[in-house]
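I have placed the structure first, in the form of structure tokens, so that the comments after it can refer back to it.
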Amino acid sequence: IRLEVPLSGRYRLEVFDLQGRKISTISDQEIEAGEYYVDWYGDDSNGAPVQNGIYIVNLSGEGLRCKTRVIFIR
């Protein structure tokens with residue numbers, strides 16, 4: 001997943017299913033402004049594999065909130 005954050009600060013990257021349930025928090029940390037690539041291997045917060053399908057990836061922090069849909073196929 002490609003991310004670009006305009007300001008340094010604390011950011012959280014989360015995955016939700018289409019019903020709005022949180023599946024996993026991929027990252028929740030302080031980062032510098034810039035471009036990043038983050039891997040999500042299709043696991044939920046307990047480490048169990050998720051089903052194939054469409055998921056919402058949400059990035060939030062420092063006044064920024066953006067969402068995108070991803071298709072996960074194992």
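The values are calculated or read from the model by the stated rules, or taken from the named source; none is laboratory data. These numbers were taken from a predicted model, which means no experiment stands behind them. Every residue, glycine among them, receives a Cβ derived from its backbone with ideal geometry; neighbour counts consider all protein chains shown. Side chains are part of the model used for accessible areas, which takes the heavy atoms of the whole protein and leaves out ligands, DNA and RNA. Shrake-Rupley method; radii C 1.70, N 1.55, O 1.52, S 1.80 Å.
Pick from GLY63, GLY42, GLY53 the residue whose mean-square fluctuation is largest in a GNM of the chain, springs joining Cα atoms under 10 Å.
GLY63
Determine the share of the chain's accessible area contributed by carbon and sulfur atoms, expressed in whole percent, with a 1.4 angstrom probe.
48 percent
GluC sites (Glu not before Pro) within the chain: which are DSSP loop residues with at most 13 other Cβ atoms inside 10 Å?
GLU32
Chymotrypsin sites (Phe, Trp or Tyr not before Pro) within the chain: which are DSSP loop residues with at most 16 other Cβ atoms inside 10 Å?
Numbers: sites: TYR11, PHE16, TYR36, TYR37, TRP40, TYR41, TYR55, PHE72; in loops: TRP40, TYR41.
Hits after loop and neighbour filter: TYR41.
Just flag the trypsin sites (Lys or Arg not before Pro) in the range 1-60 sitting in loop per DSSP whose Cβ has no more than 14 other Cβ atoms within 10 Å.
Passing both the DSSP loop test and the Cβ count: ARG21.
Once the whole set of protein chains is in place, how much accessible area is left on LEU7, using a 1.4 Å probe, in Å² to the nearest 10?
Rounded to the nearest 10, that gives 100 Å².
With charges set only on the Cβ (+1 for Lys and Arg, -1 for Asp and Glu), what does the dipole of the range 30-74 come to about its Cα centre, in debye to the nearest 20?
That gives a dipole near 360 debye.
Given the Cα-Cα distance of THR68 and TYR41 and 0.36 nm per residue of separation, how much length would full extension add, in nm?
Taking THR68 through TYR41 to full extension adds about 8.1 nm, to one decimal.
Viscosity 0.890 mPa s, temperature 25 °C: what is the translational diffusion coefficient of the chain from Stokes-Einstein with a Kirkwood Rh over Cα pairs, rounded to a whole number of µm²/s?
Numbers: Rh = 12.7 Å.
Translational diffusion coefficient: 193 µm²/s.
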